[in-house]
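*Asks:* This structure is in structure tokens; I'll ask about it shortly.
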Amino acid sequence: MSIIPAQPRRPRPDFTLNIINVVFLLLLFYLVTGSLAKQAEIEADVPVTANLPLERLPRPLLLVTAAGELFIDGQPVSRANLDAAVREVLARHEDGAFLNILADRSMPASLFLDIVARAGAGGAPLRLVTLRQRLEPAK
Amino acid sequence: MSASIHRRRRVVFVLTPLIDVIFLLLIFFMLSSQIAPYSLLPIGRIVGQAAGDMPSAPAEGTLPSMTLRVAHGFVAAGEERIPIPDLAATAERLRGEGISSYVLIASSAAQVQDMVSVMEALGRSEAAVTMLHAQAGAP
């Protein structure tokens, strides 16, 4: 038997709760700031602007690829049926919903205007999705 | 009576399944969400230009004060060429002279990025923008 008294056992620190806190914060961050996007929407070369307020990727979204293919919320649409498809998708959303157009920045403007005119033929309010980019300061 | 019947079960709070689910959610949102800084640009009126129509004759509303032909990197106002980066300042100056509405015509060289930059520049001076697109059969 030892003369020196045994030291009381120190409770081992448990980091589990701290880790959960951090992970919860990360989860909240991605939930609040992120927008679920489809692969083709991520890959599109979005036109850039500099002075507009920030937004999340909105829905319904009409994706116009550089080749002129059309997708509404991931579903392919032909140019001839675009007006009907736009009416259908806007009917599923609340009143006053905009059709948001995400077009490749390098596509010809005349083709883009033709598609936009077809999409807005039924009087649907339209918005163009752009990527906000900070302007380089003038040297 | 057995002692085990009366023994109260100790409730143990197991965190591991919770952490597993949270981690899975976190990975899902990290991989699938876009946190790109999007901005939305309202698209104004679009008027079809049929064959033989004059470009400066919109269907209804007030007559435009100025017609701009959008090309790649610049706009042409009559004989004058205005680089797109200088357009915001020019529009601000023209606003002081009473011009606050524009008709945009896309040339064959214009791209979507040019249209977006022009719309953003004119929008900063709170100008009304009408875009003209060539319908089938137009020159």
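Values quoted throughout were computed directly from the atomic coordinates according to the rules given, and no laboratory measurement underlies them. Please read all numbers here as calculations on a predicted model, not as lab measurements. Cβ placement follows ideal geometry from the backbone for every residue including glycine, while neighbour counts extend to all protein chains displayed.
*Asks:* Largest first, please: the extent of the C-alpha atoms of the protein assembly as shown along each principal axis, to the nearest Å.
*Replies:* So the extents along the principal axes, rounded to whole Å, are 108, 49, 31.
*Asks:* Net charge around A:Leu82, counting only other residues with Cβ within less than 11 Å of its Cβ (Lys, Arg = +1; Asp, Glu = -1)? Mind showing how you got there, number by number?
*Replies:* On the way: positive: A:Arg79, A:Arg87, A:Arg118; negative: A:Asp83, A:Glu88, A:Asp114.
Surrounding charge for A:Leu82 is 0.
*Asks:* I'd like the per residue volume of the convex hull spanned by the Cα atoms of region A:1-138, given in cubic angstrom.
*Replies:* Numbers: hull volume 31.7 nm³, N = 138.
So the per-residue hull volume is 229 Å³.
*Asks:* Sticking with this structure for a sec: Once you keep just the Cα pairs under 8 angstrom separated by 6 or more residues, what percentage relative contact order results for chain A? Please report the intermediate quantities before stating the final value.
*Replies:* Numbers: 145 pairs, mean separation 37.8, N = 139.
Averaging sequence separation for qualifying contacts and normalising by length gives 27 percent for chain A.
*Asks:* Which order do B:Met66, B:Met115 fall in if you start with the one that has the fewest other Cβ atoms within 10 Å? Before the final figure, lay out the partial values.
*Replies:* Working: B:Met66 18, B:Met115 27.
So the residues, fewest neighbours to most, are B:Met66, B:Met115.
*Asks:* Right, next: Give the order of B:Arg93, A:Arg87 when sorted by the count of other beta carbons within 10 angstrom, beginning with the fewest. The partial results should precede the final answer.
*Replies:* Working: B:Arg93 11, A:Arg87 14.
In order of increasing Cβ crowding within 10 Å: B:Arg93, A:Arg87.
*Asks:* Also: For the charge dipole of chain A, defined by +1 on Lys and Arg C-beta atoms and -1 on Asp and Glu C-beta atoms about the Cα centroid, which residue among A:Gly122, A:Asn18, A:Thr49 has the Cα displaced farthest towards the positive pole?
*Replies:* A:Asn18
*Asks:* Based only on other Cβ atoms within 10 Å, what is the fewest-to-most ordering of B:His133, B:His72? Walk me through the intermediate numbers first.
*Replies:* Working: B:His133 22, B:His72 13.
With the fewest neighbours first, B:His133, B:His72 line up as B:His72, B:His133.
*Asks:* Still on this model: Could you give the size of the charge dipole of the protein assembly as shown about its Cα centre, using +1 on the Cβ of each K and R and -1 on the Cβ of each D and E, expressed in debye and rounded to the nearest 20? Spell out each step's value before the answer.
*Replies:* Numbers: 25 positive and 25 negative charges, 409 e Å.
The calculated dipole for the protein assembly as shown is roughly 1960 debye.
*Asks:* Further, regarding this structure: Taking the alpha-carbon centroid of each part, what is the distance from region A:72-86 to region B:60-129 in angstrom?
*Replies:* The two parts, judged by their Cα centres, are 30 Å apart.
*Asks:* Rounded to the nearest 500, what is chain A's calculated 222 nm mean residue ellipticity when only DSSP H runs of at least 4 contribute -39500 (n - 2.57) each, over all residues? Write down the numbers at each step before the final one.
*Replies:* Numbers: 4 runs with 45 residues, N = 139.
The per-residue figure over chain A is -10000 deg cm²/dmol.
*Asks:* For a distance above 18 Å, tell me the whole-number percent of Cα pairs in region A:4-67 that qualify. Before the final figure, lay out the partial values.
*Replies:* Working: 1314 of 2016 pairs.
Here the long-distance tail beyond 18 Å is 65 percent of all Cα pairs in region A:4-67.
*Asks:* Given H placed 1.01 Å from N in the peptide plane, which residues other than close sequence neighbours of B:Ile46 have an amide H under 5 Å from its amide H?
*Replies:* Correct list: B:Met131.
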